[in-house]
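Presented below is the structure to which this report refers.
The values are calculated or read from the model by the stated rules, or taken from the named source; none is laboratory data. As the structure is a computational prediction, the values presented were derived from the model and not from experiment. Note: ideal-geometry Cβ built from the backbone for every residue, glycine included; neighbour counts use all protein chains shown. The protein model used for the area step is the full one, side chains on, heavy atoms only, and it has no ligands, DNA or RNA in it. Shrake-Rupley method; radii C 1.70, N 1.55, O 1.52, S 1.80 Å.
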Amino acid sequence: MGGIIGVVKTETLAHTAIEPGILYFGTPVVLISTTNEDGSANLAPMSSAFWLGWRAMLGLGARSKTAQNLLRTRECVLNLPSDALASAVDRLALTTGSDPVPPGKRKRGYFHVAEKFERAGLTPVASETVAPPRVAECPVVMEAVVEAVHPVADEDPAQRGGIVAVEVRVQRVFVHDSVRLAGTDDHIDPDAWRPLIMSFQKFYGLGAQVHSSALARIPEGMYRGPDIERARGVLSR
Ligand SMILES: Cc1cc2nc3c(=O)[nH]c(=O)nc-3n(C[C@H](O)[C@H](O)[C@H](O)COP(=O)(O)O)c2cc1C
């Protein structure tokens, strides 16, 4: 006899052990712009990203052109596409700014593209505090600098050096007026901001708000940390 938890029979709560090849349960897509050795711009989609305060952690294959550019130049722009930009993002899938294409990527069907903005049909605009350009079409863009590089899976000789978690500090946040909360200066309207989500390699949007939020009773201003004041001190180039 199965017990009852709330109104759900425990049989329906039974877990099955599985071994998925990937554990990408759904995170927003970020288009990272960086600068190549010759001064041109690279642009690459990624989604292993999260934010804490005005810091972001970016999980990247160490052999990607983006990781190499980030480690060399220490700066980037994090461009957040809306779900309406899925086709532009998809045009960048399976491309790399690396030439030659690393063997592992070649095997998975990747090919070299030098002009990523052109391929995606996106428009580069000059940034204020870093060299890589912002993506005009992205409703949210953040100019950022690298503060630390953390190795991932460093304890395993077979994986060592393959993945890095790059910690960046945001210096400027720019948004389209369409995602700003009416009547406020510094707030995003989560009902207007429609991030592009990657879940198990496929593209999704967000649904509507599903529940009231106890956490949201905390005014956003209470989260303002010292990195915001520090960012104000960064002069435009
Ligand atoms: C939607 C999407 C999400 C991706 N997420 C990541 C990621 O989080 N980390 C990563 O290293 N690569 C990710 N990739 C693969 C990179 O885009 C790929 O390595 C690409 O070659 C990087 O370009 P680059 O070599 O010019 O930097 C993702 C690709 C797509 C299309």
Problem set entry | Label point distance in nm, TRP51-GLU19, each placed 7 Å from Cα along Cα→Cβ | 3.8 nm
For this session: Taking each pair of different alpha-carbon atoms in segment 1-126 once, compute 1/r for the pair, average those values, and report the inverse of that mean as the Kirkwood hydrodynamic radius in Å to one decimal.
Result: 17.0 Å
Exercise. Between GLU11, GLU75, GLU147, which gets the highest mean-square fluctuation from a Gaussian network model of the chain, Cα cutoff 10 Å?
Worked result: GLU11
Exercise. With every protein chain present, what accessible area does LYS202 have (1.4 Å probe, heavy atoms only), rounded to the nearest 10 Å²?
Worked result: 130 Å²
Seminar exercise, completed: If the chain between VAL210 and ARG119 were fully extended at 0.36 nm per residue, the gain over the current Cα-Cα distance would be 29.1 nm
Problem set entry | Largest-first principal axis extents, alpha carbons of the chain, Å | 69, 51, 35
For this session: Starting from the alpha-carbon convex hull of segment 128-178, give the projected area averaged over all orientations, in nm².
Result: 4.9 nm²
For this session: Consider a paramagnetic label point 7 Å from the Cα of ALA62 along Cα→Cβ; state which residues of segment 159-182 have an amide N under 14 Å from it.
Result: 159-166
Exercise. Tell me, what is the 1.4 Å probe accessible area of ARG119, in Å² to the nearest 10?
Worked result: 100 Å²
Exercise. Comparing ALA93, ALA165, ALA182, which has the greatest mean-square fluctuation in the GNM of the chain with Cα pairs linked when under 10 Å apart?
Worked result: ALA182
Problem set entry | Counting all C-alpha pairs of segment 170-237, share separated by more than 16 Å (%) | 66 percent
Exercise. Say we join alpha carbon atoms closer than 10 Å with springs in a Gaussian network model of the chain; which of ALA153, ALA216, ALA192 then has the biggest fluctuation?
Worked result: ALA216
